[in-house]
Every structure is written in structure tokens, then in C-alpha cells.
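Before any comments, here is the structure.
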Number of protein chains: 2
Amino acid sequence: MDTHTVEVIIENKPLARDPEGETIHRNLIIKGGYKQVTNVRAGKLLRMTVQADSAETARQIVKKLCDDLRIYNPAAHVCQVRLVG
Amino acid sequence: MDTHTVEVIIENKPLARDPEGETIHRNLIIKGGYKQVTNVRAGKLLRMTVQADSAETARQIVKKLCDDLRIYNPAAHVCQVRLVG
């Protein structure tokens, strides 16, 4: 058993609006003068430490857990699961 | 000018407690039977689209913006800025 780090990123579906990201973009970044930034999307990150035989097993455990435990709402969000390092 | 994607991750400092991550870990993941998961840290993700000459310039613009606009609280949080792709 090794220790692996897996990141979960939950954000609104690409075609859905993202009022949080829009507000940060318009009222903070554009007003602050950073016009090079053309879009902002906000999301949630969960970094999990997982005991598993391999990195790929760790990733699959986390993917299953996100679906099983309804960590996100599949009607509204997309959920990415990534290995770190 | 090319289009680059930069991710900003804001989380509590490593030595600070993270009540949100602890609650997700204890009351959702452990209760759900996923004992392989030994730790969870929660954070905020901002994915920014940036116009810049190079990927490294895009990263530096975003790093500067996060400090200038106080997108995070340096006393409480750590802020990572990463290039995507």
C-alpha cells in the first residue's frame, strides 16, 4: 500500500453560467485593470490522500466515491479526478 | 498574443485546520465506507483564460493579479498558480 494524492475538481457544466466566476472576473479582475484575463470559471477543489496499491487504483477509488456519495450533482456539475505528482 | 489557461488554487495553510475538508472526510467519506481515504483538504479553484505572449507570461500576470487584488488572504491561505496544458 502506498500513499497517493488525488485532486477532485467540481465546477458548473461548461455551458451553464457561473455567477461566482463572472463576478470575480467583472468586479475584481477587470476593474483592477487586468484586461488580459478574458474569462474566469470558479470551482471547488478537494485534495484527497489515498492508500492504494497503485496511483491508478487510487484514482479509481476516488472516482467511484465521488459518484457513490454524490459529492457533486451530475445534472449541474462536472467532476474531474486527477492524480497529483 | 496567444490564449493560455491558468489555474489558481486557494486553500488554508497546511498547518491550519480545514473544517470543510475534515467534515467531508469524516461525515461523508469515512461514513460511506471509503477508509482508504486518510485525509481531505478543501480549496477553491479559479480557472482563468489569459491573453499573453507566452505561457510563462500568462502565469506571471495571474500571480501578480492574485497578490495585487488580494484574491486570497496571505495570513491564512496559500495560493498556487499553475499553467494548464
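Quick notes
- Other copies of B:ARG70: label-to-label distances in nm, shortest first, labels 7 Å along the beta-carbon direction: 3.9
- For chain B, built as a Gaussian network whose Cα springs stay under 10 Å, the top-fluctuating residue of B:GLY21, B:GLY43, B:GLY33: B:GLY33
- From helices alone, chain B scores -6500 deg cm²/dmol at 222 nm; the rule is -39500 (n - 2.57) for each run of n ≥ 4 DSSP H residues, then divide by the residue total.
- Starting from the label point of B:ASN27 at 7 Å along Cα→Cβ, the same points in the other copies fall at 2.8 nm, in ascending order.
- When +1 charges are put on Lys and Arg Cβ atoms and -1 charges on Asp and Glu Cβ atoms, the dipole computed for chain B relative to its Cα centre reaches about 440 debye.
- Copy-to-copy label separations for A:GLU56, where each label sits 7 Å from Cα toward Cβ, in nm and ascending: 3.5
- A compact globular protein would have a Cα radius of gyration near 2.2 N^0.38 Å; the ratio found for the protein assembly as shown is 1.09.
- Relative contact order of chain B, pairs being alpha-carbon contacts under 8 Å that are 6 or more residues apart, as %: 51 percent
- Accessible area of region B:1-66 belonging to carbon and sulfur atoms, whole % at 1.4 Å probe: 54 percent
- Take the Cα of B:ASP2, step 7 Å toward its Cβ, do the same at A:ASN73, and the gap between the two points is 3.8 nm.
- Solvent-accessible area per residue in chain B equals 54 Å², computed with a 1.4 angstrom probe and all protein chains kept.
- Heavy atoms of A:LYS35: accessible area, 1.4 Å probe, square angstrom to 10: 140 Å²
- Chain B residue nearest the rotation axis toward A, with distance: B:LEU45, 2 (Cβ to axis, whole Å).
- Surface calculation, 1.4 Å probe, protein heavy atoms: A:ARG47 sits at approximately 40 Å² accessible.
- Interface area, chains B and A: about 3000 Å² of buried accessible surface, summed, with a 1.4 Å probe and ligands, DNA and RNA left out.
- In the calculated pair-distance distribution of chain A, the portion above 15 angstrom amounts to 63 percent of the Cα-Cα pairs.
- Cα-based shape type of region A:21-70, given that a ≥ b ≥ c are square roots of the gyration tensor eigenvalues and the cut on a/c is 1.5: prolate
- In this rough spin-label picture, where each label sits 7 Å from Cα along the Cβ direction, the B:GLU20-A:ASN27 distance is 1.8 nm.
The values are calculated or read from the model by the stated rules, or taken from the named source; none is laboratory data. Since the structure is predicted, the reported quantities are computational estimates derived from the model, not experimental observations. For neighbour counting, all protein chains shown are included, and Cβ atoms are generated from backbone atoms with ideal geometry for every residue, glycine included. These accessible areas exclude ligands, DNA and RNA; they are computed on the full protein's heavy atoms, side chains included. Shrake-Rupley method; radii C 1.70, N 1.55, O 1.52, S 1.80 Å.
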